[in-house]
1. Give me the residue from segment 20-40 that is touching a strand residue (DSSP E or B) at 6+ places or on another chain (Cβ under 6 Å) and open to solvent by less than 10 Å² (accessible area, probe 1.4 Å) and, out of that set, nearest to Ile62 (Cα to Cα).
2. May I ask you to list pairs of residues, at least six apart or on different chains, whose Cβ atoms are under 6 Å apart, with the first in segment 108-124 being over 10 Å from Met86 (Cβ atoms) and the second being within 11 Å of the ligand (Cβ to nearest atom) and in a loop (DSSP other than H, G, I, E, B)?
3. So, restricting to helices (runs of 4 or more DSSP H) that lie completely within segment 41-155, which ones have at least 3 residues that are more than 11 Å from the ligand (Cβ to nearest atom) and buried (at least 17 other Cβ atoms within 10 Å of the Cβ)?
4. Got a number for residues in segment 70-119 being closer than 14 Å to Ser37 by Cβ and basic (Lys, Arg)?
5. Pick from segment 1-12 the residues that are open to solvent by less than 10 Å² (accessible area, probe 1.4 Å) and of a type outside the set (Val, Ile, Thr): which of them is nearest to the ligand (Cβ to nearest atom)?
6. Got a number for residues in segment 42-76 being within 26 Å of Asp112 (Cβ to Cβ) and in contact with a strand residue (DSSP E or B) (Cβ under 7 Å, 6 or more places away or on another chain)?
Amino acid sequence: MIRVLMVCLGNICRSPMAEYIFKSMAQRRDLPVQCDSAGTSDEEWGNPVYPPARRKLAEMGISCAEKRARQMDRHDYGRYDLLIGMEERNLSAMRRICGGDPEGKIHLMLEDSPRRRDIADPWYTGDFDAAAADILEGCGLWLDRLEQEEKIKAR
Ligand code: 4NP
């Protein structure tokens, strides 16, 4: 069972969407994964998923009602096999929090996309459709890669 931590800045928009979409896609493919999410900042600690992000997940038939934001800490580096940041600036904050990345576990969500890019923050852009589409692409690419690398196998 691979353990994945999705990371963004606030943990109320992109990374919870990534957590729930990743779990839903893995379940549909019958792949065993554990996935959580966290933010690099503590601004939103304890808050539920931002309503427009929650509605976007609900449109996909996914509930995230129980999710509360938390800040990642350096112990997360040992708790997870893979820590996926939504944008480059998340990656530098993640490396700072973890004291580096000696095991090469910290990666960008869309690093395998033919158009490697950040996932724009819908907190600022207001575009939750674009964020969801980017996250769907990223989760699909990561599940393909983990299957190919035989890190996960269908049950
Ligand atoms: P997220 O979006 O990183 O996708 O969860 C944000 C949510 C809140 C804030 C920034 C980004 N904020 O500054 O409070």
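1. Restricting attention to segment 20-40, the residues satisfying the condition of being touching a strand residue (DSSP E or B) at 6+ places or on another chain (Cβ under 6 Å) are 22-23, 26, 33-39.
Next, from what is left, pick out any that are open to solvent by less than 10 Å² (accessible area, probe 1.4 Å): 22, 26, 35, 37-39.
On the way: Phe22: 11, Ala26: 13, Cys35: 15, Ser37: 16, Ala38: 19, Gly39: 21 Å.
Selected residue: Phe22.
2. Filtered contacts from segment 108-124: Pro122/Cys13; Trp123/Cys13.
3. 51-59, 88-98, 128-148
4. The number of residues fulfilling the criteria is 2.
5. Cys8
6. Residues that pass the stated criteria total 2.
The values are calculated or read from the model by the stated rules, or taken from the named source; none is laboratory data. If you're wondering where the values come from, they're calculated on a predicted model, not measured in any experiment. Every residue, glycine among them, receives a Cβ derived from its backbone with ideal geometry; neighbour counts consider all protein chains shown. Keep in mind that these areas ignore ligands, DNA and RNA; they rest on the heavy atoms of the full protein, side chains included. Shrake-Rupley method; radii C 1.70, N 1.55, O 1.52, S 1.80 Å.
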